[in-house]
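J.: Mind looking over this structure? Questions follow.
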Amino acid sequence: MHDKENDIETIYNAARQKPSGTERSAYLDKACCNDASLRSRVEALLKADEEAGSFLESPPFEATITIDKASMVEQPGDNIGPYKLLERIGEGGMAYVYMAEQREPIRRRVALKIIKLGMDTRQVIARFEAERQALAMMDHPNIAKVFDAGTTETGRPYFAMELVKGVIITEYCDNNKLNTRERLRLFIQVCNAVQHAHQKGIIHRDIKPTNVMVTLHDGKPVPKVIDFGIAKATSQRLTEKTVFTRYAQMIGTPEYMSPEQAEFSGLDIDTRSDIYSLGILLYELLTGATPFDGDQLRAKGYGEMQRIIRESEPLKPSTRLSTMGDALTDIADHRKTSPDLLAKLVRGDLDWIVMKTLEKDRTRRYEAVNALTKDIQRHLDNEPVEAGPPSTIYRIRKFIEKRRRTVAATATIAALLIIGLIATTTLYFTADRARNEAEHQAKISRAVSDFLRDDLLGSADPWRGRTQGTSVISFLDAASRQLEGKFADEPLIEASIRLTLGSTYWHLGHYKQAEKNLKRSLDIHRKQLGSEDFNTLLCMRELGWVNQHLGDSRQAESLLIEALDGMKRTLKEEDGTLLYCMGWLSWVYIDQGQYHQAERLQLEGLEVIRRKLGPEHPWIPSFMYSLGVIYKAQQRFDEAEKLITEALDISRRTRGDQGIETLNIISQLGDLYSTKGRYEDAERLLTEALEGRRKVYGLEHPDTFASMDAVGWFYRRNGKLQQAGQLLEQCYNKSRELLGSEHGVTLDSMLHLAVLRQDQAQYEQAEELMKEALRISRAKRGEDDNMTAWSLNTLGKFYEAIKKYDQAQTYLNEELEIKRRTLGGEHPDTLEAMGNGALLYYKRGKIDQAEVLGIETLQITRRALGEDSPITLRLMHALGWWYLSIGRATEAETLLTEALEGRRRILGENHHDTRISALAVDFQQGRYDKAEPLLVKVLEHQRRVDGPDEPFTLFSIRNLALLYHKQGRYDKAEPLLIEFLENSRRVLVDGHPDTVAVMNELTKLYEAWEKPLKAEEWRAKLRETQNR
Amino acid sequence: MSNVTHILNAIQRGDARAVDELLPAVYDELRRLAAWKLSREKPGQTLQATALVHEAYIRLAGEKAENWRSRTHFFAAAAEAMRRILVENARRKKRLRHGGNLHRAEMQDADLMIDVPCDDLLALDEALKKFTAEDPAKANLVKLRYFAGLTLAQAAEMLGISRATAERYWSYARAWLFDQINKGS
């Protein structure tokens, strides 16, 4: 049956795709064979599909829900208990309020509040009864009495209260243009009422303007606080099941709600919640607005609303006034004053008083309402108030919290933060805090460091853009010095500050200082908290990463492995700290050339994120792109391109075109395209990355410099020397100024600029820059630093290019030694240096040495990277291609065939590289016609991408000439051989064996072509060369 | 924290038992949310069922809205809950029409009046029940689209199937249900 159902579905789907009725029925004939029931079922479905029209289709479901309200609402004239409803006088979110007449035991008019929502009426009444006695004891002219509670016939609770005919306090004040002092006096009366209730043990819980009415007694305004006891009676116990009801009520007036009320933490609401709400009321009386806009709070949804009430710092009333623009005139007018005077009146005392009532932490508020009243009275009497300007510690904390949300900051701010952090923690600890506060405090520091690291430094770094960039460093240095010995008794505080400092130094590219601080921090953390503590592991990770930047990749590896192991034991597998540790370790492996290890980690990370965090998680592109970089390093360009392109796609979608990670990915893809010779795409992407970084980071950030350098280098490669010069020069100068001359980015741009000068034949300047780079790197970064090696390499290549081979050999040998020493003999970079050595021998005409070194390189590569590595295969092919060009057919055949087989296996038959290998084999085996068209194309690509005088381009030129010669197409062969001689003059030593051989070939060609004169001319040239 | 949020967190932590608790909680929340929203409106105001589901999600899952796993569970539960609410309502209306008990039932929150032709809805529900027994995956797709108001693409993502597969499922499910309902009538 099930199978049949499957058949039906398959056939149905296929049949639906058929364009016409005839085709459809032909298909059904075939598919259903003779199964009539199957066929009729499918046909029924197809018919249904055609007739279904908009059945179930979008707009998905437009059911509308209405509420049968009429039946729930009492009407005037109805009797409820002893009360007769007269008219409805109000409606709130939670209740209707009626004016009602009570007939017994006494005849009077009351306000009757009938709760709208279906609550558990019995509980409401029970809670009211529990407080009834206390409520009855309240006797205060500013409190409206609650007489009674009961149940309506429809089962809803109601409350009978003293009828207050008045106006909402805020409206009263505005309508009568009460000035600030008058408002304060009125407010003091409200406070007195609340204080009275508090003394009887009653908390209002819902103080807001609509619950404070002003009536006139003998022409004098008397505020009346209504609804005492009602909020509590109607608030159900805060079980999770009932929270919705609470929410429904609370959302009515969230702007007056204290953080602990918004929290639903089960924390008991106490008198200090009322103080908070009174503070909001005062705020509103003074400024005409609540600190948080109610509509906005409601619009933001539940979680965000809670967060704002809990965390967001309100503006001081005077500041709030200054943000009101045109509305301020009106507000001032309602207070019988001018905007300027109003702000002045509120600034200072009143600001502090209000802010003290609005503290998130209720222990920091006034301890009782009369303390608040007294302070207001003091203000009115021009005495100093108790609430003062906030303390330094307090200000720093506030400052940090505020800055958290804004991106703009300056060097001074960063320094202030760090010094402030030290001050904060010092003060905390001299203030005789209990020992176990240390942990708590470490948490605070961590929050601050996170902030510094992630928010301030990690995302925007705009403060490094200041030209006084160095002043940041001097502040940091000062902070570092301050730390010495200061925390002998509180090592954890030192540790956490050092972690902050270390990370900051790291972000600024000052790795040595970063290392020093992080190392110290790690030691302390380890000793105090053990090796598995989160902070210890975090420190370890940061230190490892800094070591990587210092070029000590072994140390980096061991730290990151230890950190990762610890994190795997103690954190969830999808924890970001852990995943990033994994990612970083993988980058260390990339650097060490251990691509398989690197790949394994990235794949593991990707798997965890996909499984645990979902397929579109923003970390995914980071890992995909790293994986792409690994493939790129392995010269698995197609896989790399696929991954990086996909990562870019996701990243653009999830982080936007100008996300930091997006920009990193764009740069890498641009670089990859440049390697592949797709110059237009490369230029587009590299430029996009540069523009993006300029926008995001500003003009003076290491990543912006790196992008400038990349674009400059790209222009140089593409022959746009002048544009390249401008960019590289600008980049070098700025980077030297801001990051210092030994910074990697500075040295990179310095060396690139030098190579450009070399291209422009400004050899002296080139040489000078290169030697300067080498000197700086040696002195400041060390003998074994990779920048030192890269400087040596550039110098070696430079001398090689101007044919000063001895010097070239010295520098390149030294480079190779450093690589062997620091990376080991089997690292891809070491192997590349060996290959360069072999080429140098070749260019010098030392063919035997070149061959020996070339073969050794191939052997080690084969062993280290494996038989199937694209690098091994490329080397094999290159060596074979050279053998072919010099006519050593046996060696050529072995190597070329092996390379072809490998490429077929790994890359498949149709891959570009496979086809080049196949072409080489065809050629080697004499299938010239087949080989020719592709070889022409390959050569074209090499001339353009590798350069016309690169040895492998030369080999191809010579091979193509050879091919034409064998085909007897002398006119085609001739210009190629001449091209070889001309190009080779620039790179090969005079009298190079291959030059001589090609001259010889040219002579033979002319002979075969029956051009004796030409043959003779070249024979003479050949003799001349040999004699020299 | 609301009950639903609590349960979603448990699901997030990998507590499989929590999945069973989700449906009643979501059901409860949807009804309360509808009642509460309507209580704030003028009489006769209407709400869209699917908008209600989405609003409930945003309110309840709020900050955790990015979490894929709990989102999937939420919408699955919401679709089922909405189906139940609508069907119960249709049944009740039908009862009333046939002289059922006019006295308002002991509804705690509010009486929701849902304006869908109840015969159609009940017929669809019958058909859907049969279809669920036969092909639960496709039936889920229908519930997510029809009752929770997800787009085809969203529903496909929830079910972990490709867009193309979802389109095939949808076409088949629609034809199946349409055929079933017409046969039944």
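The values are calculated or read from the model by the stated rules, or taken from the named source; none is laboratory data. All values derive from a computational prediction rather than experimental measurement. Here Cβ is always computed from backbone atoms with ideal geometry, including for glycine, and neighbour counts include all displayed protein chains. Just the protein is used for accessible areas: all its heavy atoms, side chains included, with ligands, DNA and RNA removed. Shrake-Rupley method; radii C 1.70, N 1.55, O 1.52, S 1.80 Å.
J.: Round to the nearest 0.05 the FRET efficiency obtained for A:Thr570 and A:Gln658 when R0 = 35 Å and r is the Cβ-Cβ distance.
T.: Numbers: r = 36 Å, r/R0 = 1.02.
The computed FRET efficiency comes out at 0.45.
J.: Still on this structure: Going by amide H atoms built from the backbone, whose H comes under 5 Å of the H on A:Ala95, apart from near neighbours?
T.: A:Lys116
J.: Another question, if that's okay. Give me the compactness ratio for the stretch B:117-185, meaning the Cα radius of gyration over 2.2 N^0.38 Å.
T.: For the stretch B:117-185, the normalised Cα radius of gyration is 1.08.
J.: Treat each spin label as a single point 7 Å out from the Cα along the C-beta direction, and report the A:Ile106 to A:Asn910 distance in nm.
T.: Here the answer is 9.8 nm between the modelled labels.
J.: Apply the Karplus curve 6.51 cos²θ - 1.76 cosθ + 1.60, θ = phi - 60°, to the phi angles in the stretch A:947-963 and return the couplings in whole Hz, x for Gly and Pro.
T.: With the stated coefficients, the stretch A:947-963 comes to x, x, 10, 5, x, 6, 5, 4, 4, 5, 4, 5, 5, 5, 4, 4, 4 Hz.
J.: Give me the extension gain from A:Gln849 to A:Lys804: residue separation times 0.36 nm, minus the current Cα-Cα distance, reported in nm with one decimal. Can you show the working numbers first?
T.: Working: separation 45, 0.36 × 45 = 16.20 nm, distance 1.81 nm.
Using 0.36 nm per residue and subtracting the Cα-Cα distance, I get 14.4 nm.
J.: How large is ³J(HN,Hα), in whole Hz, for each residue of the stretch A:139-145 in order, when computed from phi with the Karplus curve 6.51 cos²θ - 1.76 cosθ + 1.60 and θ = phi - 60°, using x for Gly and Pro?
T.: Each residue's phi maps through the Karplus curve to give 9, 8, x, 9, 10, 7, 6 Hz.
J.: Sticking with this structure for a sec: Write down the accessible area per residue of the stretch A:2-51 in Å², having rolled a 1.4 Å probe over the full set of protein chains.
T.: On the way: 2970 Å² over 50 residues.
Averaged over the residues of the stretch A:2-51, the accessible area is 59 Å².
J.: Mind checking the per residue accessible area of the stretch B:117-185 for me, 1.4 Å probe, whole number of Å²?
T.: Details: 2810 Å² over 69 residues.
On a per-residue basis, 41 Å².
J.: Hey, another quick one. Pop out the ³J(HN,Hα) list for the stretch A:304-319 in order, Karplus 6.51 cos²θ - 1.76 cosθ + 1.60 with θ = phi - 60°, rounded to Hz; leave Gly and Pro as x.
T.: Per residue, the Karplus-derived 3J(HN,Hα) values read 5, 4, 4, 4, 4, 5, 6, 10, 6, 7, x, 6, 4, x, 5, 5 Hz.
J.: Taking amide H positions as placed in the peptide plane 1.01 Å from N, state which residues far from A:Ile80 in sequence (5 or more) or on other chains have amide H under 5 Å from it.
T.: Correct list: A:Leu85.
J.: Once you charge only the Cβ atoms, +1 for Lys and Arg and -1 for Asp and Glu, what is the size of the charge dipole of the stretch A:950-1028 about its Cα centre, to the nearest 20 debye? Don't skip to the answer; put the middle values down first.
T.: Working: 13 positive and 13 negative charges, 18 e Å.
The dipole magnitude comes to about 80 debye.
J.: Also: Please give every one of the aspartates and glutamates within straight-line cross-link reach of A:Lys145, meaning a C-alpha to C-alpha distance under 12 Å, and leave out same-chain neighbours fewer than 8 residues apart.
T.: A:Lys145 reaches A:Glu162, A:Asp227.
J.: Top to bottom by accessible area (1.4 Å), largest first, where do A:Glu815, A:Glu867, A:Glu1024 land? Can you show the working numbers first?
T.: On the way: A:Glu815 5, A:Glu867 80, A:Glu1024 110 Å².
So, going from the largest accessible area down, we get A:Glu1024, A:Glu867, A:Glu815.
J.: Then there's this: For an R0 of 51 angstrom, estimate the FRET efficiency from the Cβ-Cβ distance between A:Glu826 and B:Ala133 and round to the nearest 0.05. Mind showing how you got there, number by number?
T.: Values: r = 63 Å, r/R0 = 1.23.
Computed FRET efficiency for A:Glu826 and B:Ala133 comes out at 0.20.
J.: Taking a label point 7 Å from the Cα of A:Ala1008 along the Cα→Cβ vector, which residues of the stretch A:960-995 have an amide N closer than 19 Å to it?
T.: Backbone N within reach: A:960-981, A:994-995.
J.: Rounded to a whole number, what % of the accessible area of the stretch A:950-1028 do carbon and sulfur atoms account for, probe 1.4 Å? Could the numbers behind the result be given before it?
T.: Values: 1930 of 3890 Å².
Solvent-exposed carbon and sulfur of the stretch A:950-1028 make up 50 percent of the total.
J.: While we're here: Ignore the peptide's own chain and count Cβ atoms of other chains within 10 Å of each Cβ in A:605-613; give me the average, rounded. Intermediate results must be reported in sequence, preceding the final value.
T.: On the way: counts 0, 0, 0, 0, 0, 0, 1, 4, 4.
The shielding value for this peptide is 1.
J.: Please list the non-local residues whose amide H lies under 5 Å from the amide H of A:Val222, H modeled 1.01 Å from N, same-chain partners needing a gap of 5 or more.
T.: When sequence neighbours closer than 5 places are left aside, the close amide H contacts are A:Thr215, A:Leu216, A:His217.
J.: If you roll a 1.4 Å probe over the stretch B:117-185 with all protein chains in place, what percent of the accessible area is carbon or sulfur?
T.: Numbers: 1480 of 2810 Å².
Using a 1.4 Å probe with all protein chains present, the stretch B:117-185 comes out at 53 percent carbon and sulfur.
J.: So, with +1 on the Cβ of K and R and -1 on the Cβ of D and E, and no other charges, what is the size of the charge dipole of the stretch A:812-908 about its Cα centre, to the nearest 20 debye?
T.: Around 140 debye, computed over the stretch A:812-908.
J.: In addition: Using the basic label-point model (7 angstrom from Cα toward the beta carbon), what is the A:Arg778 to A:Glu532 distance in nanometres?
T.: Result for the modelled spin labels: 5.0 nm.
J.: Provide the packing ranking of A:313-320, A:652-659, i.e. peptides ordered by the mean count of other C-beta atoms within 10 Å per residue, highest first.
T.: On the way: A:313-320: 19.1, A:652-659: 15.2.
Answer by packing, highest mean first, reads A:313-320, A:652-659.
J.: Need one word for the stretch A:766-859: rounded, prolate or oblate. Basis is the Cα gyration tensor (sqrt eigenvalues a ≥ b ≥ c); a/c below 1.5 gives rounded, then a/b vs b/c decides.
T.: Oblate, because a/c is 1.5 or more while a/b does not exceed b/c.
J.: Another one. Give the peptides A:192-201, A:581-590, A:17-26, A:620-629 in descending order of average Cβ contacts within 10 Å, highest first.
T.: In descending order of packing, they fall as A:620-629, A:581-590, A:192-201, A:17-26.
J.: Could you tell me which trypsin sites (Lys or Arg not before Pro) in the stretch A:901-934 are loop residues by DSSP with no more than 16 other beta carbons within 10 angstrom of their beta carbon?
T.: Working: sites: A:Arg903, A:Arg904, A:Arg905, A:Arg915, A:Arg927, A:Lys930; in loops: A:Arg927.
Listed in order of number, the matching sites are A:Arg927.
J.: Please give the length that would be gained between A:Gln377 and A:Ser20 if that part of the chain were fully extended, namely 0.36 nm times their separation in residues minus their C-alpha to C-alpha distance (nm, one decimal).
T.: Working: separation 357, 0.36 × 357 = 128.52 nm, distance 9.02 nm.
So the extension gain works out to 119.5 nm.
J.: Multiply the residue gap between A:Ile89 and A:Thr645 by 0.36 nm, knock off their C-alpha separation, and tell me the result in nm, one decimal place. List each step's numbers first, then the result.
T.: Working: separation 556, 0.36 × 556 = 200.16 nm, distance 6.61 nm.
The span from A:Ile89 to A:Thr645 would gain 193.6 nm if fully extended.
J.: So for each of A:205-211, A:822-828 I average, over its residues, the number of other beta carbons within 10 Å; can you give me the resulting order with the highest mean first?
T.: On the way: A:205-211: 22.6, A:822-828: 17.6.
Taking the mean over residues of other Cβ atoms within 10 Å, the ranking is A:205-211, A:822-828.
J.: Here is a further query. For a 21 Å ceiling on Cα separation, which of these pairs sit above it: A:Lys177/A:Lys224; A:Lys632/A:Lys771; A:Lys165/A:Lys336; A:Lys512/A:Lys572; A:Lys200/A:Lys224; A:Lys695/A:Lys720? Mind showing how you got there, number by number?
T.: Working: A:Lys177/A:Lys224 19 Å; A:Lys632/A:Lys771 31 Å; A:Lys165/A:Lys336 26 Å; A:Lys512/A:Lys572 32 Å; A:Lys200/A:Lys224 17 Å; A:Lys695/A:Lys720 25 Å.
Long pairs (Cα-Cα over 21 Å): A:Lys632/A:Lys771; A:Lys165/A:Lys336; A:Lys512/A:Lys572; A:Lys695/A:Lys720.
J.: In peptide A:41-51, what is the residue-averaged number of other protein chain Cβ atoms found within 10 Å of each Cβ? Before the final figure, lay out each step's value.
T.: Numbers: counts 1, 1, 0, 7, 7, 2, 4, 10, 7, 2, 4.
So the per-residue partner count for this stretch is 4.
J.: Let me ask another. List the equivalent ellipsoid semi-axes of the stretch A:513-589 in whole Å, largest first, each obtained as the square root of 5λ for an eigenvalue λ of the Cα gyration tensor. Walk me through the numbers before you get to the answer.
T.: Working: eigenvalues 61, 54, 14 Å².
Value: 17, 16, 8 Å, ordered largest first.
J.: Which parts of the stretch B:137-176, residue by residue, lose 30 Å² or more of accessible area when the rest of the protein chains are there, as against the chain isolated (1.4 Å probe)?
T.: B:Arg145, B:Tyr146, B:Arg168, B:Trp170, B:Ser171, B:Tyr172, B:Arg174, B:Ala175, B:Trp176
J.: Measuring with a 1.4 Å probe in the full set of protein chains, what accessible area per residue, in whole Å², belongs to the stretch A:139-189? Please report the intermediate quantities before stating the final value.
T.: On the way: 2180 Å² over 51 residues.
With all protein chains present, the stretch A:139-189 gives 43 Å² per residue.
J.: Now for a separate question. For the stretch A:579-679, what number results from the quotient of the Cα radius of gyration and 2.2 N^0.38 Å? Please report the intermediate quantities before stating the final value.
T.: Details: Rg = 12.8 Å, N = 101, 2.2 N^0.38 = 12.7 Å.
After normalising by residue count via 2.2 N^0.38 Å, the value is 1.01.
J.: Let me ask you something else. A:Glu764 accessible area, nearest 10 Å², 1.4 Å probe?
T.: 150 Å²
J.: Using every alpha carbon pair in the stretch A:950-1028, what percent of pairs falls into each 10 Å bin from 0 up to the bin containing the largest distance?
T.: 21, 53, 25, 1
J.: Could you calculate the FRET efficiency of A:Val996 with A:Tyr928 from 1/(1 + (r/R0)^6), where r is the beta carbon distance between them and R0 is 22 Å, rounded to 0.05?
T.: Values: r = 25 Å, r/R0 = 1.14.
The computed FRET efficiency comes out at 0.30.
J.: Nearest 100 Å² is fine: how much accessible area is buried between A and B, summed over both sides, with a 1.4 Å probe? Don't skip to the answer; put the middle values down first.
T.: Values: alone 47880 and 11160 Å², together 53660 Å².
Answer for the A-B pair: about 5400 Å² buried.
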